[in-house]
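First the structure, in the form of structure tokens, and then the observations on it.
The values are calculated or read from the model by the stated rules, or taken from the named source; none is laboratory data. If you're wondering where the values come from, they're calculated on a predicted model, not measured in any experiment. Note: ideal-geometry Cβ built from the backbone for every residue, glycine included; neighbour counts use all protein chains shown. Side chains are part of the model used for accessible areas, which takes the heavy atoms of the whole protein and leaves out ligands, DNA and RNA. Shrake-Rupley method; radii C 1.70, N 1.55, O 1.52, S 1.80 Å.
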Amino acid sequence: MRGIRLAAAALAVAGLVAAACGGTTPTPASSVSGSSAPATQTKTFTIGFTQSQTGNQNVTSKRQTEGIQLWVEDVTKAGGIKLKDGTVLMPQVKFYDDESKTDRVQALYTRLINDDKVDFLLSPYSSGLVKAAAVITEQNARLMVTAGGADDVTMEQGFKGVYQVYAPGSKYLIGAIDLMLKLDPTIKKVAIVNEKDSFSASVVAAANPYAKSKGLDVVVAEGYDTGTTDFNPFINKIQAAGPDAIIGGGHFEDGTTFAKQLFDKRVNARFVALLVAPAEPTFKDIGDAAQFIVGPSQWEPAAKYSAETAKAANVPYFGPTPKEFTDRYVAKYGSQPSYQSSGGYAAGLVLQKALEDAGSTDPQKLQAALDKIDVMLFYGRVKFSLDAKTHGKQIAHDMVYMQWQKGSDGKLATQLVWPQDAATAQAQLRK
């Protein structure tokens, strides 16, 4: 196993810091049952990453950062991360605006490693930016937990120090197809229209053959460029083909625009499932165009993961319950958490669990602890592949599916509609 360098010195950082406890403060050992406990040292532990404060990933990236910052706040309030040798780590974060650009991500991760000398790295949001960061962390033999990347390709490069919290993209629309056919077995024709980025391509690369294996006729299979704002050419092709269902999409901005234009053009499809955008709480801002849209989600507030589900899976439970996380998030930010928010918090929990299990910040011990993680969080189960080619790829986390529906009060709200044993409401066809 290749050694992973991890800066031993904790740094006080200026700028964008969520929480900090400066310096190293020795605390006298206390006597417990006549024996001496290890001397306690409180140290800062600096975690670096980039956020898309500007650019096309800014909405969802901000959500991810909010989740990370809430985790830092919760750990700080709890007195830090306690290691077996008596060291207490107080996490703080340092991040820069990557402007949603891969070249800037690589420059900034190089800066975080070489100039800022951060102790650990989390990823940016979005698969393309995660891949760019992963190249730098691997070149510098550093560990990174990724929160915002689901692209299968990134996790099939034989990376040794990259660990994926998200379920991979190949899983994203499989469950949506199952839901669709359970809801309406007469659906036969499907249109697949997706952004031509690596993540979305990996999603449809799995969804297209799966749809065909279920006897569906894929009547449209088209890709659109990142940044597309006029979907009329694609909508014209869809209307001409007359599909019963539409699946695809890409990220927040394009997915939101595509959904609105489908509604404005009165496209007659009974089922629509899009990537990323529907799971963002602000998707409802497009009004009636959001109604009935289904979205795959890494996590939803109605999730039922618990100590009981962990026991049934024969794995430990770690961290807050889904309700505790949701309540804390709403109290801090004034809105419901998205799956991007939960992914940021979950990445922090994975790091925390690995540090506690390793009992050390030693990079080799920390990597060994990450390799062994198999745990249930409020976010769901997390376990990493140990195969050489897919090392660090997420293999245990499952997707859930939500749908925007109007309640009895006439207001749009999300409902968990699949899998059936976790559903809060029955899925509905578009009218």
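Structure summary
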{"read-out": "Rounded to 5, the percent of DSSP beta bridges in the chain classed as antiparallel", "value": "35 percent"}
{"read-out": "Rounded to 10°, Cα long-axis angle of helix 127-139 versus longest principal axis of the chain", "value": "30 degrees"}
{"read-out": "Relative contact order %, the chain, counting alpha carbon pairs below 8 Å whose residues are six or more apart", "value": "17 percent"}
{"read-out": "Dipole axis of the range 210-275 (+1 Lys, Arg; -1 Asp, Glu on Cβ), positive-most option in A273, F234, G250", "value": "A273"}
{"read-out": "In degrees, nearest ten, helix 58-77 long axis to first principal axis of the chain (Cα)", "value": "30 degrees"}
{"read-out": "Which of A413, S338, Y401, positive extreme of dipole for the range 318-431 (C-beta unit charges)", "value": "A413"}
{"read-out": "Of all accessible heavy-atom area on the chain, the percent that carbon and sulfur account for (1.4 Å)", "value": "50 percent"}
{"read-out": "Dipole moment magnitude, nearest 20 debye, the chain about Cα centre, only Lys, Arg, Asp, Glu C-beta charged", "value": "460 debye"}
{"read-out": "GNM flexibility winner over the chain from G380, G169, G407 (Cα, springs under 10 Å)", "value": "G407"}
{"read-out": "Protection proxy ranking of 290-301, 66-77 - average other beta-carbon atoms within 10 Å, highest first", "value": "290-301, 66-77"}
{"read-out": "Links that overshoot a 28 Å alpha carbon limit, given the list K117/K372; K62/K393; K84/K171", "value": "K84/K171"}
{"read-out": "Span per principal axis, largest first, for the Cα atoms of the chain (Å)", "value": "77, 43, 38"}
{"read-out": "Only Lys, Arg (+1) and Asp, Glu (-1) charged, at Cβ; the range 207-261 dipole about Cα centre in debye", "value": "220 debye"}
{"read-out": "Rounded accessible area per residue of the range 53-129, 1.4 Å, Å²", "value": "35 Å²"}
